[in-house]
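The values are calculated or read from the model by the stated rules, or taken from the named source; none is laboratory data. Fair warning: this is a prediction, and the values are worked out from it, not measured in the lab. Cβ placement follows ideal geometry from the backbone for every residue including glycine, while neighbour counts extend to all protein chains displayed. Heads up: the accessible areas ignore ligands, DNA and RNA and are worked out on the full protein's heavy atoms, side chains in. Shrake-Rupley method; radii C 1.70, N 1.55, O 1.52, S 1.80 Å.
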Amino acid sequence: MRRNTPLITLLTGAALGVVLLVASMLADPSGKPASYSAAAAAATSAPPAATETAPAAPSSPAPAAPSPTAVTTAPVKATYAGRVGGGGGSVAVSIHGSQAIAYVCNGSTVEAWFKGTAVNGVLIMTGKNYSHFSAIYDFGKVTGDVLAHGTDYSFSVPVVRKPSGLYRATAVVRGATVKAGWIVLSDGTQVGSVEPSSTSPAPTAFEAPALDVATGTARDGTIVLHAVSVDGATGSGF
């Protein structure tokens, strides 16, 4: 009986080892080491690492659109003069900013003064006895039509410079106030008329005496008329 004691002890130890191994496997069904499971769980639950993003380059402002450049095709301070279409008379226009003065004359039966506005290249003026003046100014000339004393004239006249241009004078002649006007063209030709006042014994207009542009005077018998230049460039006579 004593001979079997070591063998029984050996077998008992082996059986106990098998029981412990089975118990260990039942406690961890995956069969993986506990250290592996803990590392995997930590990796799964950890938040994703932040990625570094390069700062966006500052955006350059869009280039400003070029502002439109105003183009002036006709001077807004100038005097224009020339013959009307078909001849038989002349017209002069002085523009000084937004103001305009015009005169049409054939030297005797037709003469009329106009005053009005010059806005955005358009001239609108009126005169006495239903006379009317409308025109546009562009590319260094004034183009339009004028109605005076029942006669309608069309015209297209260029810029002129002194001594050419428009002149006028007011004086008392033979007891009556008269108003004289002259248009001096670029070739030196001039046409003028004297308009008596409505209270004059002879209210009909008559041809004006020649104007001396150097002195600005005209002599009617013993009467000397002192003319003033209606100059768009300087604004004199407005």
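Observations, loosely collected:
- Charge tally in the Cβ shell below 14 Å around residue 182, where Lys, Arg are +1 and Asp, Glu are -1, residue 182 excluded: -2
- The local environment of residue 231, defined by Cβ-Cβ distances under 10 Å, has a net charge of +3 under the rule Lys, Arg +1 and Asp, Glu -1.
- Entry comment: accessible area of the stretch 71-161 is 46 Å² per residue, from protein heavy atoms only and a probe of 1.4 Å.
- Order by protection proxy (mean Cβ within 10 Å, highest first), peptides 214-226, 114-126, 130-142: 130-142, 114-126, 214-226
- Above-threshold pairs, the threshold being 19 Å between Cα atoms, out of 77/141; 77/179; 141/162; 115/179: 77/179
- Peptides 176-183, 90-97 ranked from most to least packed, by the mean per-residue count of other Cβ atoms within 10 Å: 90-97, 176-183.
- Cα gyration tensor shape of the stretch 72-157, rounded if a/c is under 1.5, else prolate or oblate by comparing a/b with b/c: prolate
- Chain lengthening between residue 224 and residue 204 when straightened (0.36 nm per residue, less Cα-Cα): 5.2 nm
- Label point distance in nm, residue 145-residue 76, each placed 7 Å from Cα along Cα→Cβ: 2.9 nm
- Element breakdown for the stretch 87-134 at a 1.4 angstrom probe: carbon and sulfur atoms account for 55% of the accessible area.
- Between the beta carbons of residue 98 and residue 128, assuming R0 = 35 Å, the FRET efficiency works out to 0.95 to the nearest 0.05.
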